[in-house]
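Below is one structure, written out as structure tokens; the observations come after it.
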Amino acid sequence: MALQQMHDVQPLSSHSNSAGPCSNQDDFRQALLNSINETTYNNSMAKQLISEEESKLVAAKKHSMAESNRRSRINTQFTTLRTILPNLIKVNKASVLEETIRCVKELTNTVSELKEIYGGGRLECVFPGGADKLRIGSCEGKGQEVVKVVFSCDDKRKLLSDVARAVRSVKGKVVRAEMVTMGGRTKCVLWVQGINGNEELEMLRRVLNALTEKPNMARTCNRPKLTLL
């Protein structure tokens, strides 16, 4: 009886043993897949974190370079200002800025004064030109008793005293004179009293032509033109 029972149980035990390896393999496969999926997910998250950190580092580096370039440009501008400011005593940035503001205000006032000198709010070029030019006309805002003479010519010794002598020869009087010399050329602006009428203006033109014309050029080729200002 006992042998019969063992015989009856054996197939069941044999069946149970034959199913065991398959179940273990399925579990192993599932565990392996889960591990692969988890590893893949972790790798993906790690790459995302690394990408975010790299982006932050790149942005920080760009910001640092931009700030460095900005400071470099500012320092270069301060260096330039230190070399061109005429009355700079202290070289720190605050002193440089203060002196720059003072110079800008001074230049603005100078421009306003020049506009008033040249009349009508129109500022002419204050530097001598390359060609000999003579202009004579009424001084705006001064009436007909004062005329303004503007001419450019080669720089000469005692030019202004020679001009004053030539003006006196036609009974005129220089009441104000300005002169700018650059590159061997001179520009003069004169305010003359005692010259009235076209005839006297023509006489003044002739005496000034004699001083401003180049001696080695024909008179007809180099005579400045008379124009009203």
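What follows draws every value from the coordinates through simple rules; no lab data is involved. Computed from a predicted structure; not experimentally measured.
What the phi angles of the range 153-164 give under the Karplus curve with 6.51, -1.76 and 1.60, with θ = phi - 60°, is a coupling list of 7, 5, 5, 9, 5, 6, 4, 5, 5, 5, 5, 4 Hz, glycine and proline written as x.
Legend: residue pairs Lys148/Lys173; Lys133/Lys173; Lys148/Lys187; Lys133/Lys171, Cα-Cα distance threshold 19 Å; pairs beyond threshold, Lys133/Lys173; Lys133/Lys171.
Residues whose amide H comes within less than 5 Å of that of Asp155, counting only those at least five positions distant or on another chain, are Arg185, Thr186 (H built at 1.01 Å from N in the peptide plane).
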